[in-house]
Each structure stands twice: as C-alpha cells, then as structure tokens.
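What follows is a single structure, written as structure tokens, with notes after it.
The values are calculated or read from the model by the stated rules, or taken from the named source; none is laboratory data. It should be emphasised that the depicted structure is a prediction, and the values quoted were computed from it without experimental measurement. Here the Cβ positions follow ideal geometry from the backbone for every residue, glycine too, while neighbour counts run over all protein chains shown.
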Amino acid sequence: MSWTVVCPNSNCLRKLSLADAPGEKIRCPFCNQIFMVQRAVAPVSFEQPSQPSPFGAVTEPTTGPLSSHSRKTGSWPVWLIGLLILESLISAFCGILIAAKFMGNNSKPANQAGDLNLKASGPSNFFYKPHSPDFMDDGTKPNEWWTKTYAVKDRTKGTAVSFKIFDDDVPDENALEQTGRMKLAKLFPEGRYQIQVGAPKAEATLAGEGAVSIPLDITPVGGNEGDSTVSKILVGELRICSRRGIAYWFVTWGPEGSKDEQNTWDKPLVFGNGRADWKPKSTPLVALAHESVKVQLNKSVWKIDSGETVKQLAESRPGMLAHAEGTIVLERKSKSELSLVSLEGKKSVERATGLLLEWQKILNGSDSEAPTLKLEQFGEEGFFYKVIINQKTDTYLYLQETGTSPQYLLMGECRFEELSVWKTEFMRISKAIKQ
C-alpha cells in the first residue's frame with residue numbers, strides 16, 4: 001500500500017510517497033528536513049480508511065496557504081471563505097451607492113446642478129452661495145437692504161444679494177433702479193466710499209433671466225474696516241431683474257480689470273420653481289375729480305383727500321381744487337402729492353411758477369424775503385421740471401393739462417432725489433389723461 005506524507009518545511013512542502021510505514025523519523029530527500037511521524041496518512045483514495053492507521057498521526061505543516069484538512073478534502077478554510085463573502089458584500093454595497101448617485105443626478109433638471117436644494121430657497125424663490133471659498137459671510141445680518149453679503153477678508157472683492165416680494169405688479173425699472181441706489185449707499189456708506197453710477201444697460205442677464213446692468217466705480221476714502229490702507233478704485237456692477245412677482249438686486253465688486261471675472265460670479269445663483277402661477281393683479285382705480293375733470297389713479301398708490309381736507313390745504317395753497325397723497329413702498333416709503341388747479345388761461349409753466357411762489361411765501365411767512373423760484377425742464381417727455389428755489393434744486397414737478405373748458409393743471413410733486421421712483425407713475429397718469 002502506498003502512503004503519503006508532506007514535508008513540514010514551509011519552504012518545501014513536498015509530498016513524499018512511502019512504500020511501507022517508516023520508522024519514527026523521516027528525512028525529506030528535497031530539503032533534508034528531518035521530522036517525526038505522528039500518524040499515518042490515509043491511502044490515496046476517494047474514501048477514508050475504515051480502520052485507523054497503525055502509525056498514528058503524521059505532523060503536517062500549518063503555515064502554508066491551506067490547512068491540512070483543506071488539502072485532504074478539497075474545501076477552502078473558513079477564514080478565506082469569510083473574507084470572500086465580506087468582499088462580495090462590500091462590492092454590492094458600493095454598486096448600490098453608485099447606482100443611486102447616478103439615478104439622482106439624472107433626475108435633476110439641467111438648471112439645478114450641484115448640491116442646490118431649491119426646496120430650501122423659501123419665499124425668496126432663489127438659492128445662492130459664493131462661487132469661491134475665499135468669499136466669506138461678512139457677518140452682516142439680513143436686513144431691509146441686503147439679504148446676504150459675502151467678501152474676501154480685506155473687502156476688495158465681494159458680492160451681495162437682495163430681494164423683495166410683491167403681491168401686486170412689480171414696480172418698473174426706474175423705481176427698482178432707485179431702490180438699488182439706496183441699497184448701494186447702505187453697502188458702501190458715504191464718508192468711507194464714493195460711488196459713481198453709470199448708465200443702465202438692458203441687455204444683461206442674472207441667472208439666465210433678463211436684467212438691467214448698472215456699472216459702478218467705487219473709491220474707498222479713509223480705508224476699509226480692518227484695513228485702513230486700501231485706497232484703490234474698485235469696479236463693480238449692479239444687476240436688477242424681476243421674476244414671478246419678486247425683484248432681485250445682485251451686486252459684485254472687485255479690483256480694476258476684474259469685470260470679466262465678475263460676470264461669472266452669479267453662476268451659483270439659481271432661481272427656484274415657486275410662484276409659477278403668479279400673475280399681476282388688476283390695478284384698482286380711484287378718481288381724482290372736480291366738475292368735468294376725472295383723473296383715474298392707482299388706488300394702491302394714491303389716497304384722495306376729502307373736500308374738507310382740501311379746504312384746509314387750500315388755506316396754505318390757494319387755488320387748489322383737488323388733492324391726493326401718493327405713497328410707493330420699496331425699501332422705504334416715498335411720498336408724493338398731486339394737486340389739481342385752474343389754469344386761468346395761462347401756460348402751464350407760468351401758472352405753476354406763480355402758484356409755487358405764492359405757496360412758498362405763505363409757507364415762509366409774510367415777513368420773510370421772497371424766494372427766487374424758476375422751473376427748468378428736465379428730460380425729453382416735456383412734462384417734468386426741476387424746481388429751483390434760491391438756486392437749489394428741491395423738488396421734481398410733473399405738469400399736465402387736463403379738461404376742456406375750463407382747463408385745469410395737474411401738478412405732481414416729489415423730492416428730486418426720488419424722481420426715478422415717481423417718473424413712471426406720472427407717465428402712467430399722463431397716458432390715462434390723453435386716453
């Protein structure tokens with residue numbers, strides 16, 4: 001009968017065939033390793049011997065890749081099987097993660113890339129985070145002027161974004177531009193900065209929406225917070241757009257030569273899908289009327305004074321026949337007045353100049369020196385004038401004739417620095433009168 005033993009030398013592990021059972025010791029003919037025989041190896045067959053071997057156990061190496069049991073039976077060791085199972089589980093888990101990520105990315109619309117969570121955009125209906133990690137939140141709390149401001153450490157580069165929600169129609173571009181100027185004054189306070197605002201351009205975009213672009217030159221005068229040495233001129237841009245009843249203001253600034261770079265800083269800004277059904281409400285109207293004159297005004301802007309109130313006002317403003325107070329609320333209230341007076345056969349400018357002089361005398365008292373007052377036409381429309389009192393521009397005046405016989409004069413007044421807010425509203429009134 002043939003017997004087999006294995007050399008215990010880990011560098012050898014040769015199988016040795018013996019014709020008969022040897023003595024207690026065996027020398028490997030390949031490596032000369034001498035080892036002790038403890039049990040007999042079963043005859044080479046597919047079945048185990050029915051009787052135990054008379055030689056006892058043979059010592060087999062345990063340092064090889066497979067145990068003696070696996071070599072005899074053809075099975076793998078438990079630890080290797082466990083390792084293979086663990087590897088299979090890890091591979092399957094990684095495959096599931098990759099598939100889930102792939103499906104998630106394919107489910108996003110093309111304009112909602114990255115990690116933008118538009119559900120978290122809230123009522124503002126937009127999501128924005130800075131394009132660069134160098135742009136840090138400057139710590140300014142959201143306020144009525146700016147929702148969020150980001151800048152580099154020395155504030156020589158930065159962005160700011162703001163919005164306002166309107167339930168009715170969004171104000172026109174002139175009013176939104178005027179509000180943008182107010183916002184800039186808060187972002188770059190007078191005394192620390194001088195701002196030169198360029199002419200608006202209508203061909204710009206903001207996050208893919210049509211926008212008005214206004215170029216800016218910003219000069220620090222007295223240093224920035226935390227850095228009193230900054231004195232270089234900065235260039236920037238204010239972009240304004242309205243979408244689904246919400247107005248947006250987005251401003252960028254940086255060193256000279258950075259305008260092309262700034263054009264890309266709005267890329268992280270993405271508009272949400274809210275307010276898709278928003279439509280401007282129809283404008284409720286109220287009439288400023290006297291005898292044959294009836295001027296239709298926007299009820300959300302104008303409040304018509306009663307006859308008793310007009311009588312009281314006429315004590316300081318002789319000639320007034322009807323009066324309305326106007327209010328437009330953007331970031332703050334802007335006030336205006338609308339007065340109806342008789343033309344008395346005079347030209348509009350002549351009649352308005354005489355009335356304003358008379359009203360100024362009553363306002364300043366009869367003992368005061370008479371003011372110098374003149375009207376200077378402003379703009380190309382032919383209805384607007386600067387009111388220059390004592391060589392200072394104080395008021396913005398809108399003049400519009402109305403009625404047939406007798407004729408009347410409609411006079412709209414507002415502060416000159418708020419003319420952009422009111423110009424479009426006066427133009428609407430002018431068109432209504434012509435119709």
Per the list (1) basic (K, R); (2) touching a residue at least 24 places away in the same chain (Cβ under 8 Å); (3) more than 25 Å from A314 (Cβ to Cβ), residue check on K431 breaks on (2)
Can you name every residue in segment 386-396 that is in contact with a helix residue (DSSP H, G or I) (Cβ under 7 Å, 6 or more places away or on another chain) and not β-branched (V, I, T)?
K386, D394, Y396
Residue list for segment 241-270, restricted to those being of a type in the set (D, E, K, R) and within 18 Å of Y128 (Cα to Cα)
R243, R244, E261, D266, K267
Scan (1) without any contact (Cβ under 8 Å) to a residue 60 or more places away in the chain; (2) within 21 Å of the chain's Cα centre (by Cα); (3) part of a strand (DSSP E or B) for the single condition K186 breaks and write down its number.
(3)
Among the residues of segment 242-274, count how many are over 27 Å from K153 (Cβ atoms), at pLDDT 85 or above and exposed (fewer than 14 other Cβ atoms within 10 Å of the Cβ).
0
Count, please, the residues in segment 298-322 that happen to be in contact with a helix residue (DSSP H, G or I) (Cβ under 7 Å, 6 or more places away or on another chain), touching a residue at least 24 places away in the same chain (Cβ under 8 Å) and within 15 Å of L410 (Cα to Cα).
4
When segment 317-372 is checked residue by residue, the ones that are in contact with a Ser or Thr (Cβ under 9 Å, 6 or more places away or on another chain) and of a type in the set (S, T, Y) are T327, S334, S336
So is R275 among the basic types (K, R) and touching a Gly at 6+ places or on another chain (Cβ under 7 Å) or not?
yes
Tell me, please, whether a residue that is assigned to a loop (DSSP other than H, G, I, E, B), at pLDDT 70 or above and either surrounded by 13 or more Cβ atoms within 10 Å (Cβ to Cβ) or in contact with an Asp or Glu (Cβ under 9 Å, 6 or more places away or on another chain) (or both) can be found in segment 18-29.
yes
Could you please find all residues in segment 333-366 being among the hydrophobic types (A, V, I, L, M, F, W, C), surrounded by fewer than 17 Cβ atoms within 10 Å (Cβ to Cβ) and under 23 Å from G307 (Cβ atoms)?
I362, L363
What do you reckon, is S300 modelled with pLDDT of 85 or more and either over 39 Å from the mean Cα position of the chain (by Cα) or polar (S, T, N, Q) (or both)?
no
Scan of segment 275-286 for residues that are loosely packed, with under 15 Cβ neighbours inside 10 Å and either part of a strand (DSSP E or B) or small (G, A, S) (or both), ordered by number:
A276, S282, L285
So which residues in segment 6-17 are part of a strand (DSSP E or B), at pLDDT below 75 and surrounded by 15 or more Cβ atoms within 10 Å (Cβ to Cβ), if there are any at all?
L16
Selection from segment 204-222 of residues outside any loop (DSSP other than H, G, I, E, B) and more than 24 Å from N125 (Cβ to Cβ) yields P215, L216, D217, I218, T219, P220
Out of segment 237-274, which residues are within 30 Å of S430 (Cβ to Cβ) and assigned to a loop (DSSP other than H, G, I, E, B)?
R244, G245
Looking only at residues in segment 401-421 that are among the hydrophobic types (A, V, I, L, M, F, W, C) and within 36 Å of the chain's Cα centre (by Cα), which one is modelled with the highest pLDDT?
C414
